[in-house]
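Data block below; observations after.
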Amino acid sequence: ESTSKNGARSRNNRKLPQADHTPYDHDVINVYNSMEPWHVIDKLNDAANGDTVLFEPGDYVINSKICPFTENAHPSYTIKGTGESPSDTVIYAAEFACANNHIVIENIEIWGSLGTTCSNELSYDNDAGLIFRNSIVKVFGKPFELLIHKVHFINSEFINLIPHSSDGLIENDRYPLVAMNSKFVGFDRAIVFDNDTPLSSKFVKISKNSFEDNCGNCEYLAGNVTSECSEITSSLSPNTPKGNNIEIYDNIIDILRYLRWDERSPPIYYILFKKVVKAGETTVYRIPNGYSMIQYPSGFYPVYTDAAHAYQFDTTARYRKRVYISFKREEVFGLDCETVEFFFYKDGMTAWQSLAGVTYTSPRQYDINIAKKKASLDGLIIAAFVPEGDCVAPD
């Protein structure tokens, strides 16, 4: 059996199936500033599908890939800093070569080296996804090979330390493209829409970003247009417009795992806002670490069907009163158990909070009614659990 240098289980001896739709070990792997660089790299390499890698505050020089997997199983995990702000946890010399990964990097400042260049079309991996969330990414020129995977920025900063030496976020017809509440600094062109087809509001979510010291903020190559992003995206209707009883149907996709050929989407019929006072974009993705961010609710265990059902919601729309989310019951159920209870979690909370009192079940769906004063949708995680006493836990 292979073991890592730190004596932990190698990921080759962990549950890493051929697809990300069976129960996993959802472990938390802790990384400390006192560790040697090789030890930190070993910890990253030891991460398996569904894990969370927690970096304690401090500076880390790893000079290695931040995305270590090369298998075809598309493993999914989260790398997260535990400090109060991204700058409390700084990773230097990170290489981004993230084919075959679904990864969220959260609450970390990263100084990145150049990414690995794809040699041919066969090396493209359109199914891979990388999300920077509440993070600061500083690069020296070209940060990663954007042709091989989707890269999104949510509540983050993307800074080029060699001004105007490269482009920033490139769409390259590898949908979707998401930049929300983020800042782009020092690029030749900050966001490039590099395609020959009309932009689609289903896939392009560019909302409430800021730009500084870029030669061009946005460019659409099909029309050779360089301008403000709002001009290029003006033909797109935000999926959460201003008004009453605003429903989102077709524009709901999993922005991390979306695969253009099978139109993979989260199991949601619709999201309904009672009253939207300022238009914006609303997104959702199945979080990589399933349920391992905090301890399970007492007396419950996670739901595993086609996937672990824990979803991250974000919105730049401003709304009042409440929001309704309708989950597809046939895709969210507790294995041999029909009893499902939904819980929510946001950063700063110490435990899951039940939504049982505001969940309504019908033969086709679970409808959740969340008052804004209880929890705002922006940054909210909603997960499904089943009671231990009613069901048989997965092996």
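His164 exposes around 80 Å² of accessible area when a 1.4 Å probe is run over every protein chain in place. Full extension of the chain segment joining Glu56 with Asn369 gains 109.1 nm, where the gain is 0.36 nm per residue of separation less the Cα-Cα distance.
A full extension of the chain between Glu247 and His164 corresponds to an added length of 25.8 nm, given 0.36 nm per residue minus the alpha carbon distance. As a calculated quantity, the FRET efficiency between Ser362 and Glu388 at R0 = 25 Å, using C-beta atoms, amounts to about 0.50. In this view, the solvent-accessible surface of Trp111, computed with a 1.4 Å probe and all protein chains in place, comes to about 60 Å².
In a Debye calculation with equal point scatterers on the alpha-carbon sites of region 352-391 and no solvent, what is log10 I(q)/I(0) at q = 0.25, 0.30, 0.35 Å⁻¹? Rounded to two decimals, the profile gives -1.04, -1.23, -1.30. When the surface is traced with a 1.4 Å probe over the full set of protein chains, Glu157 keeps roughly 70 Å² accessible. Of Phe344, Phe203, the order by accessible heavy-atom surface (1.4 Å probe, DNA, RNA and ligands excluded), from most exposed downward, is Phe203, Phe344. Between Thr350 and Cys215, the contour length at 0.36 nm per residue exceeds the Cα-Cα span by 44.2 nm. The listed residues Thr89, Thr361 rank as Thr361, Thr89 when sorted by accessible area, largest first, using a 1.4 Å probe. The calculated FRET efficiency for the pair Asn63 and Ile294, based on their C-beta separation and a Förster distance of 30 Å, comes to about 0.40.
Using a simple spin-label model with pseudo-atoms 7 Å out from Cα toward Cβ, Ser200 and Ser87 lie 4.0 nm apart.
The values are calculated or read from the model by the stated rules, or taken from the named source; none is laboratory data. Just so you know, these numbers come straight off a predicted model, no measurement behind them. A quick note on method: Cβ atoms are made from the backbone with ideal geometry, for glycine too, and the neighbour counts reach across all protein chains shown. Ligands, DNA and RNA are excluded from the accessible area calculation, which covers all protein heavy atoms including side chains. Shrake-Rupley method; radii C 1.70, N 1.55, O 1.52, S 1.80 Å.
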